[in-house]
Amino acid sequence: MAYNAAMKNPHPRKHILLSLIAILICLNALSAIAAPTNVLFILVDDMGWTGPACYGSDLHETPNIDGLAAQGMRFTNAYAASPICSPTRASILSGKHPARLNMTTWHEAAVERQSHKGDKPLAPPLTEPHLGLQYLTLAELFKGAGYTTAHIGKWHLGDSEHYPEAQGFDINIGGTHWGAPRSFFYPYAAWRDKGNGEMEYRYVPGLGFGKEGDYLTDRLTDEALNVLDQVHDQPFFLHMAYHNPHTPIEGKPELVEYYKQKIKEGMTHNNATYAAMIHSLDENIGRLLAKLEEHHIADNTLVVFFSDNGGFDQVREGEVVTTQVPLRSGKGSLYEGGIRVPLIIKWPGITTANTTSDTPVISTDFYPTFMELLQTKSTQKIDALDGINLKPLLENSDITLDREDLFFHYPHYYFNTTPVTAIRSGDWKLIEYTQDNKVELYNLKDDLAESNNLAQTQGDRVKALQQKLHAWHKGVNAQFAVPNDEYKP
Ligand SMILES: [Ca+2]
């Protein structure tokens, strides 16, 4: 018998070995299917729509961001829910619009407003300086699903009682109530005048030892890589919130020199230091993505790249920081330059490599999309979500989402704006400035630069969009700037 069997199959041991390998491959594939998808959420600070090379920058070099886009879906009409930092960050983590949260300005400005109405014709509303603990944050959602949750970098969502540790994050490295480091170079700390003569000592906690010349973005990434080394074999949600390229505009000297040499007459982007900051940011995103590969979890990790608002278009250190051209304006404004931002999503098994979507999406959409990822059902604690689940769009960029309108509300002053509110509905965008009741209407399809105000000639459309916008204000209980009784013209 043994002889006959051996005759039929002259290499029995090879046969058994091949079968074992096949079984192992099947088991491995099954475990990959069954393993929860990790999430690496890369949030960058003040990078405008045209910041990365794959979004058209003629100066910045971003091979790693571009590479991520080549592996996933790149959005051309993605919006931050707010034109400034804290509110957009709150909208991501809560799934609620900043106007609904009454969190429409950044932390420090909200604190300042408690004692001072400002020196403008309108007094901005009193708003929440903290993301309330009553909301179920994304971190709490992931934690409830058995994920390890880590926040690294900029927090800016409230004082120490509202730090990441109190909002569902197991790990917090560097997160504070401040919106920016004092310096991007070690020791990342210094005294500063708060603008009212009061001094404060700003620092980045959790970075331990360092040496002169160390760059904050490298150091935060070191910490993230360490976290990934620890948690790669368990599901994780890593909220990687880089400070680049927010002010202070500081880059590594050799990179600044490189971009100074590269800049030519007539370039749209021409700030070498800002370009160096984006270069360092991109390098570090490359390190994160390489670490996923090293641990063989790139195929099981959803990666998001997103910016919290448009680029800062004011002068710092004698130079305009950046521009969003062809978009109008920048950070703080409800023109496209303030709110339209880069967004790339790679969801293994869901997105197709190198796809583009022109569908308008907004930062409140992440929350319901991650609920879908986790198969979490809505509960009382997470009702009143303002976004929608993007998974169907991520699966197929040709589908039409069941949503026509996006809303924006910034009842505050900034360098480039007075209190303002807006709606985008299809290709149309209506903007209302409440200080002088000025209304502007643009067709973004024909007029991306918002240079041709059609409000005078399209009265019916203005009325219809205003009705929608005002109904939305009521629905979310939006707060407005009111006449300032302390104002002296
Ligand atoms: Ca920002």
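The values are calculated or read from the model by the stated rules, or taken from the named source; none is laboratory data. Keep in mind the model is a prediction, meaning the values are calculated, not measured. Don't worry about glycine lacking a Cβ; one is built from the backbone with ideal geometry, like all the others, and counts go over all protein chains shown.
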- Note on the structure: By residue number, the members of the stretch 394-424 that are closer than 30 Å to ARG316 by Cα and loosely packed, with under 15 Cβ neighbours inside 10 Å are PHE415
- LEU43 being touching a residue at least 60 places away in the same chain (Cβ under 8 Å), within 14 Å of the ligand (Cβ to nearest atom) and in contact with a strand residue (DSSP E or B) (Cβ under 6 Å, 6 or more places away or on another chain): yes
- Identify all residues within the stretch 259-303 that are among the β-branched types (Val, Ile, Thr) and within 16 Å of the ligand (Cβ to nearest atom); write none if there are none. ILE278
- Task: Inspect all residues belonging to the stretch 90-103 and state whether any of them is surrounded by fewer than 20 Cβ atoms within 10 Å (Cβ to Cβ), of a type in the set (Lys, Arg) and in a loop (DSSP other than H, G, I, E, B).
- Result: no
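Listed here are the residues, each with its yes/no results for (1) charged (D, E, K, R); (2) within 16 Å of the ligand (Cβ to nearest atom); (3) within 28 Å of PRO83 (Cβ to Cβ).
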| position | (1), (2), (3) |
| --- | --- |
| GLU165 | yes, no, no |
| TRP178 | no, yes, yes |
| SER183 | no, no, yes |
| PHE209 | no, no, no |
| GLY213 | no, no, no |
| VAL227 | no, no, no |
| PHE236 | no, no, no |
| MET240 | no, yes, yes |
- Message: Can you find a residue that is surrounded by 24 or more Cβ atoms within 10 Å (Cβ to Cβ) and in a loop (DSSP other than H, G, I, E, B) anywhere in the stretch 302-309?
- Response: yes
- Item | Within the stretch 53-89, tally of residues that are of a type in the set (Phe, Trp, Tyr) and within 16 Å of the ligand (Cβ to nearest atom) | 1
- Item | Verdict on PRO187 being over 19 Å from the mean Cα position of the chain (by Cα), modelled with pLDDT of 95 or more and more than 30 Å from GLN134 (Cβ to Cβ) | yes
- Message: Just checking, does the stretch 373-383 include any residue being modelled with pLDDT of 95 or more, β-branched (Val, Ile, Thr) and either more than 16 Å from the ligand (Cβ to nearest atom) or over 24 Å from GLY72 (Cα atoms) (or both)?
- Response: no
- Report, by residue number, each residue of the stretch 243-296 that is of a type in the set (Asp, Glu) and more than 19 Å from the chain's Cα centre (by Cα). GLU250, GLU254, GLU257, GLU265, GLU293, GLU294
- Query: So ILE345 clears everything in (1) surrounded by 18 or more Cβ atoms within 10 Å (Cβ to Cβ); (2) within 15 Å of the ligand (Cβ to nearest atom) except one condition, right? Which one?
  - Reply: (2)
- Note on the structure: Counting only residues in the stretch 183-220 that are in contact (Cβ under 8 Å) with a residue 60 or more places away in the chain and hydroxyl-bearing (Ser, Thr, Tyr), the one nearest to ILE171 (Cα to Cα) is identified as THR217
- Yes/no for HIS107 being within 16 Å of the ligand (Cβ to nearest atom), more than 22 Å from TYR335 (Cβ to Cβ) and not aliphatic (A, V, I, L, M): yes
- Message: Given the criterion of a type in the set (Gly, Ala, Ser), surrounded by 24 or more Cβ atoms within 10 Å (Cβ to Cβ) and in contact (Cβ under 8 Å) with a residue 40 or more places away in the chain, identify the matching residue among ALA81, ALA70.
- Response: ALA81
- Of the residues in the stretch 436-477, how many are within 26 Å of the chain's Cα centre (by Cα), closer than 26 Å to ASP386 by Cβ and small (Gly, Ala, Ser)? 1
- Message: Please count how many residues of the stretch 425-439 are aliphatic (A, V, I, L, M) and surrounded by 22 or more Cβ atoms within 10 Å (Cβ to Cβ).
- Response: 2
- Note on the structure: Scanning the stretch 314-332 residue by residue, the ones that are within 13 Å of the ligand (Cβ to nearest atom) and buried (at least 24 other Cβ atoms within 10 Å of the Cβ) total 4
- Given the residues GLY48, GLY56, GLY132, which is the only one that is modelled with pLDDT of 95 or more and at positive phi? GLY56
